[in-house]
Each structure stands twice: as structure tokens, then as C-alpha cells.
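S.K.: Before anything else, here's the structure in question.
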């Protein structure tokens with residue numbers, strides 16, 4: 001997946017932090033794994049109980065199963 005940079009960028013003000021959180025919420029509410037993972041860095045690491053995922057491709061595969 002292509003790394004895209006979307007504003008707002010750090011350092012965050014109170015207003016831009018709220019904007020960033022709302023963008024992430026919108027991505028999650030879309031229920032589209034490829035869109036959801038773009039809210040996270042390409043090298044993100046997640047844990048779900050005993051399962052560990054590294055990088056966006058593994059995150060997409062995990063979210064599709066869920």
C-alpha cells in the first residue's frame with residue numbers, strides 16, 4: 001500500500017488533534033480494511049489477544065477475517 005501523508009500533521013493543537021481523531025474514527029466506521037489501516041503507519045504493530053500483526057498488509061488480512 002502506498003504511504004500517503006494527510007493533514008493535520010504534528011505537532012498538534014487541541015483542534016487539530018480532534019480533527020485527526022475524527023478522521024481515524026471515520027476510517028474505522030467505513031468498515032473497509034484497506035481504508036482503516038491508512039490511519040496507521042506502514043510499520044504499525046498490533047496485538048489481538050495471542051495474535052501479533054506487523055505492517056499494514058497483516059493488519060488488512062486480520063481485519064478482513066474479523
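S.K.: Just to be sure I understand the filter: pairs with C-beta atoms under 7 Å, separated by 6 or more residues or on different chains, first member in region 42-54 and closer than 24 Å to residue 6 by Cα, second member surrounded by fewer than 10 Cβ atoms within 10 Å (Cβ to Cβ). Which pairs pass?
M.R.: Note: pairs meeting the criteria are 42/3.
S.K.: Let me ask another. When region 37-53 is examined, which residues are found to be over 24 Å from residue 22 (Cα atoms) and out of contact with any helix residue (DSSP H, G or I) (no Cβ under 9 Å at 6 or more places or on another chain)?
M.R.: 49, 50
S.K.: Mind checking which residues of region 7-29 are more than 12 Å from the chain's Cα centre (by Cα) and either under 17 Å from residue 66 (Cα atoms) or modelled with pLDDT under 90 (or both)?
M.R.: Scanning region 7-29 gives 7, 8, 9, 10, 11, 12.
The values are calculated or read from the model by the stated rules, or taken from the named source; none is laboratory data. These numbers were taken from a predicted model, which means no experiment stands behind them. All Cβ positions, even for glycine, are placed from backbone atoms using ideal geometry, and neighbour counts span all protein chains on display.
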